1. Using the Karplus equation 6.51 cos²θ - 1.76 cosθ + 1.60 (θ = phi - 60°), what ³J(HN,Hα) coupling, rounded to whole Hz, does each residue of the stretch B:179-187 give in order, writing x for Gly and Pro?
2. Modelling each spin label as a point 7 Å along the Cα-to-Cβ direction, I'd like the A:ILE254/B:SER253 distance in nm, to one decimal.
3. Total Å² of accessible surface buried at the A-B contact, 1.4 Å probe, nearest 100?
4. How much of the accessible area of the protein assembly as shown, probe 1.4 Å, is carbon plus sulfur, in whole percent?
5. Hey, what did chain A get for relative contact order, percent, Cα under 8 Å, at least 6 apart?
6. Label A:ASP91 and A:GLU315 with points 7 Å out from Cα along Cα→Cβ: what is the distance between them in nm?
7. Pick out, from A:VAL179, A:THR65, A:ALA258, the residue whose Cα sits farthest towards the positive end of the charge dipole of chain A, with +1 on the Cβ of Lys and Arg and -1 on the Cβ of Asp and Glu.
8. Say a label goes 7 Å from Cα toward Cβ at A:MET243 in every copy; what distances in nm does this one have to the rest, shortest first?
There are 2 protein chains.
Amino acid sequence: MKIAIDAMGGDYAPREIVRGAWEACRETGQQIIMVGDRKNLENELNQLGKTCAGLEIVHADEVITMDEAPVVAVRRKKNSSLVMAAELVRDGYASAFVSAGSTGATMAAALLRLGRIPGIARPAVAGVLPTERGVTILLDVGANVDCKPRHLVQFAIMGSLYAHRILGIENPRVGLLNVGEESTKGNELTQETYPLLQEAPVHFYGNVEGRDIFKGTVDVVVCDGFVGNVVLKTGEGLADVLMSMIGQAMRQSILAKAGAALTLPALKSLGKKINYSEYGGAPLLGINGVAIVCHGSSKSLAIKNAIYRARESVENGLISAISDSLNNTVHKVGFADGN
Amino acid sequence: MKIAIDAMGGDYAPREIVRGAWEACRETGQQIIMVGDRKNLENELNQLGKTCAGLEIVHADEVITMDEAPVVAVRRKKNSSLVMAAELVRDGYASAFVSAGSTGATMAAALLRLGRIPGIARPAVAGVLPTERGVTILLDVGANVDCKPRHLVQFAIMGSLYAHRILGIENPRVGLLNVGEESTKGNELTQETYPLLQEAPVHFYGNVEGRDIFKGTVDVVVCDGFVGNVVLKTGEGLADVLMSMIGQAMRQSILAKAGAALTLPALKSLGKKINYSEYGGAPLLGINGVAIVCHGSSKSLAIKNAIYRARESVENGLISAISDSLNNTVHKVGFADGN
């Protein structure tokens, strides 16, 4: 099985992308097609010393940047590394693709080149968040800013299947993100979604609140893409601010400095626990093919882990599992129109 | 000036409420009417030793609990400490009221007893969040789960006036919470709100993202009450989880333990900085009177600070400032119908 990677997408592309692919290849023999400027990529590979036989390069002479309008960019830049990586999957040369470029453009490339799983109205970006107890899947985190109740039901089904098949969670609990626990709470969207989730083929836990997300109260948290995006970025921002405040606090006095030196290994292991990179990117669920988007600031570790998640998604039949589950429930919750 | 306080509302009522009122009275001579079970409150006061002449008690023999439906509870429990505290303001015996009880019930009591400022469609709960640079006002954080663009414009005006008059921020910057910085980003609500905010009598900074909230990029962040509530609780939950993880990490080894002991004073001062109690509760903006709701877990410090914020709101003419500002802009953004 080959995995295609957009070697030009991300804040640290192509260096860290190439390195991540190289590490995955060296570690497990994974075959990877790196798509991007051949000269540039060969140069990066040469700097890594030993080669890895599973790595190949497909040349692409365009790059989609972060500030381009996603759909327009995908339509115009047909020779971009991102679009070509998606096409390698479409044409059967690769089984999955990974990008650390623009989330919007990655979703657009996936939609336009691979399409949706039949029956899926709206593919979602599923964030994998570190919590006190492990990880929680939060979806959608940005693809769909205005949602209808049936979209959230599909997110619940897809998130649940990802948690089960890829993260190995038995009977994952699914929570509906809301402003209170009672079933009557919420805005129009969540009030209408609640009874649909009670009927859906998932282990519906009920409403959860913001404070439950990072506690890990449930395995999957469902919300519209506006709320999910705000939550994801609020969490990132707050974690950054708290860590920087702790750093400042520890530099305040000589004693604190000495203490900080002693606690450093413990804090580093904590840092590792809450590091998004460990969990390897956000799957685009509902796409008719395996696609994973990584954080723009991904370094080689995140890229390597995303490649592994992509491989597991293929090996564990994620796409057909979602497709089968939808076919079994399509009449129940009325997805047949695909909207 | 007298401030009424619902002495029976909150997880630590009446003990911590009475103590907070007593501290405010002792510290600044503030006159406070504590509303609640007389015997109970007298008992708490006696345990504090020295009395304070500015404290009085108004007896109330009912209490509204956290799990009651707000409007129903306010309508039925006319002799509750919360409703009677609001009525003391309505009838001119007090200039403001404070409660650490249910936010929904406090808003309902304020709405039903004091009403809205003429022209205000939807009063909002304004969260005051600690950030890297100071504080940020986030509104609405829960009263209005489904909002229209003109509601968000009113939130912006009210939040801006609060930041200026009570927090002393000159020309406060107002951001619209969104999924991206560009003016075209967002869901239907934010896309329609953006041009209205450009016309509104506030210093509109533009869109801000989740990560800007705790960074303190702007002074006031505007969003609907669903998103605001989720953000507020996500922030609280994540801060708790991170602090508990840090604690665990520091107990992992003898060296880390020794280090932790040395860094404790620095961490405590950080804890104080990010402690909601220091900022004294969330004002209910748009109510025709000063009302402040405190976190349910408020201890005496939070209560005391909320009393001070209430006093400052009265002294600085917050209500008439909001009213004047609306009268000047009512035609511009079409609030005249009050909806």
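1. Values, residue by residue: 8, x, 7, 4, 5, 8, 6, x, 8 Hz.
2. Here the modelled spin labels are 2.5 nm apart.
3. 4600
4. Using a 1.4 Å probe with all protein chains present, the protein assembly as shown comes out at 48 percent carbon and sulfur.
5. 23
6. The modelled label-to-label distance comes out at 2.8 nm.
7. The residue sitting farthest along the positive end of the dipole is A:ALA258.
8. 2.0
The values are calculated or read from the model by the stated rules, or taken from the named source; none is laboratory data. Source: prediction; values computed, not measured. Positions of Cβ are generated from backbone atoms using ideal geometry, with glycine treated the same way; all protein chains shown enter the neighbour counts. SASA here: full protein model, heavy atoms, side chains in, ligands and nucleic acids out. Shrake-Rupley method; radii C 1.70, N 1.55, O 1.52, S 1.80 Å.
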